[in-house]
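Participant: For reference, the structure I am asking about is given below.
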Amino acid sequence: MLNSQERVKAAISRQPLDRIPRGELVIDDQLIRRHLNSGSVGFEERAAFIEELGLDLVTLAPAYPGGPEIPGRLEAPLPDLERWVLETPLFTFALLDGAFGWGTRTQGYTEFLMMLSRSSSRSCRDLIEKVEKLNGALIDSLIGRGIDGIIMADDIAYTRGLMVSPDMLREHFFPSLARQLEAAWGRVPVFFHSDGNYTQIIPDLIGCGFRGLQCFERQAGMEPRELKKSYPELCLWGTLEVDDLERAGEPAHLEKLASEITALSQGQGFILGTTCGLFPGIDLPGLKAIYRAAGLP
């Protein structure tokens, strides 16, 4: 039997599996606190929650400093990383923000959109360069500390399509993304996350070096079964929406979900999880019911 780290690695590499791996992009501290009736959430509490759900991976996000500037470097980007690597069998992902995430954080949403309309401006180029420098250094450092994989999060799409033209992404953003991923090539896999419908630029993401995609909003037209057929080289992670969890008590819907999960897992290259992560109010009993219907312990 594979351990969790081996199971996720096998899924990403499309190797034989003992069962479908599962994991979440985000698990909110407040949810863990309420579920465990705990006064605080640290390594032990998060590990206990992950073990209860039977997850195979943990996603760790840097504690970015506040303020309007992109930091030149982070001294201790992932607290407890060594404990996750040495004390658990989990596959560890680091969740890093891309240029869109940093743009909205440092500029504000409206101002960043205005900056994008002037994509050839010095300010836009400076932002992209600063993010590239930070992420390149972070990836190299985190791999040296034992991280198993990287997720680059950049919400570049709305429900009906991209926030900006694909040509602008290809000219200004994708070359920078490719350079950021160079630090990971041949060392750890890198996934891309975005909400919305970004089907149009999936070939570009593959060209940048991404091995997998996280989050498939079916309501936005991101149908995972079709994407798996079109891009069998990618590992797909996600697919369950809030509505699926809430409707898990409906036998017909639960049976349909189990069938879809089984179909997606054929040929490997699939990690089961939600599209949004786990937050207060999410239907955990519904999620567990889906696990059972899919034959997961």
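Participant: Please give the FRET efficiency for Ser230 paired with Gln266, using the beta carbon to beta carbon distance and R0 = 22 Å, rounded to the nearest 0.05.
Facilitator: Efficiency computed from Cβ-Cβ geometry: 0.90.
Participant: How large is the convex hull of the C-alpha atoms of the stretch 200-294 per residue, in Å³?
Facilitator: 97
Participant: If you average the alpha carbon positions of the stretch 61-125 and of the stretch 237-278, how far apart do those two centres end up, in angstrom?
Facilitator: So the two Cα centres are separated by 29 Å.
Participant: In addition: Could you list, bin by bin from short to long, the percent of Cα-Cα pairs of the stretch 132-232 in 10 Å steps?
Facilitator: Calculated P(r), rounded to whole percents: 15, 47, 30, 8.
Participant: Jot down the radius of gyration and Dmax of the stretch 20-223, Cα atoms only, both in angstrom.
Facilitator: Spelled out, the Cα radius of gyration and Dmax of the stretch 20-223 are 17.4, 51 Å.
Participant: Which FRET efficiency value, to the nearest 0.05, is calculated for Thr110 and Arg170 with the Förster distance at 25 angstrom and r the Cβ-Cβ distance?
Facilitator: 0.55
Participant: If each residue's Cβ is checked for other Cβ atoms within 10 Å, how do Ser121, Ser40, Ser176 rank with the fewest at the top?
Facilitator: Listed from fewest to most nearby Cβ atoms, that is Ser40, Ser121, Ser176.
Participant: Same structure again: Going by amide H atoms built from the backbone, whose H comes under 5 Å of the H on Ile151, apart from near neighbours?
Facilitator: Sorted by chain and number, the residues that satisfy this are Ala94, Leu95, Leu96, Phe191.
Participant: May I pose another question? Of the GluC sites (Glu not before Pro) in the stretch 37-80, which ones lie in a loop per DSSP and count no more than 14 other C-beta atoms within 10 Å?
Facilitator: Filter output for the stretch 37-80: Glu69, Glu75.
Participant: Here's a follow-up. Note down the nm distance, to one decimal, between modelled labels 7 Å out along Cα→Cβ at Leu86 and at Asp126.
Facilitator: 4.2
Participant: Sort Met163, Met222, Met1 so the one with the fewest other Cβ atoms within 10 Å of its own Cβ comes first.
Facilitator: By the 10 Å Cβ count, ascending: Met1, Met163, Met222.
Participant: Which value in nm describes the separation of the simple spin-label points at Arg19 and Tyr64, placed 7 Å from the Cα toward the beta carbon?
Facilitator: Placing both labels 7 Å along Cα→Cβ, they lie 3.6 nm apart.
Participant: Could you work out how much longer the chain between Ser38 and Arg187 gets when fully extended? Use 0.36 nm per residue separation minus the Cα distance between them, nm to one decimal.
Facilitator: Computed gain between Ser38 and Arg187 is 49.9 nm.
Values in this text are rule-based calculations from the coordinates and carry no lab data. Since the model is a prediction, treat every value here as computed from it, not as a measurement. A quick note on method: Cβ atoms are made from the backbone with ideal geometry, for glycine too, and the neighbour counts reach across all protein chains shown.
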